[in-house]
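A short write-up of the structure that comes next.
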């Protein structure tokens, strides 16, 4: 089994906090700072963090980390025998298609 190694450089990342009104007034500037300046922007409302603006590369890294975590969890479930045969999963999905459509 191959083990995935993720590497990233946090040394040059800068984190700033701005209010929603500041973000609205200077959206283009903040987006450029995130996209080209390796900055992460925390957006606050009434002084409390509400959201973050991050670069596409940070988003891709986050998604890779989430995928790696899901793979570790799936492997742990497999090793503990907490899986079902593919045929059983297909049958269960076929019996409940309305649940998948939301």
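The values are calculated or read from the model by the stated rules, or taken from the named source; none is laboratory data. Model, not experiment: these values are computed from the prediction. When we count neighbours, we look across all protein chains shown, and the Cβ atoms used for this are built from the backbone with ideal geometry, even at glycine.
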Worksheet item: With respect to residue 93, is the statement that it is part of a helix (DSSP H, G or I) and either under 25 Å from residue 13 (Cβ atoms) or touching a strand residue (DSSP E or B) at 6+ places or on another chain (Cβ under 7 Å) (or both) true?
Response: no
Fill in: Evaluation of residue 83 against (1) at pLDDT below 95; (2) out of contact with any helix residue (DSSP H, G or I) (no Cβ under 7 Å at 6 or more places or on another chain) (one fails), failing number
(2)
Worksheet item: How many residues, within region 36-85, are over 13 Å from residue 15 (Cα atoms) and in a helix (DSSP H, G or I)?
Response: 24
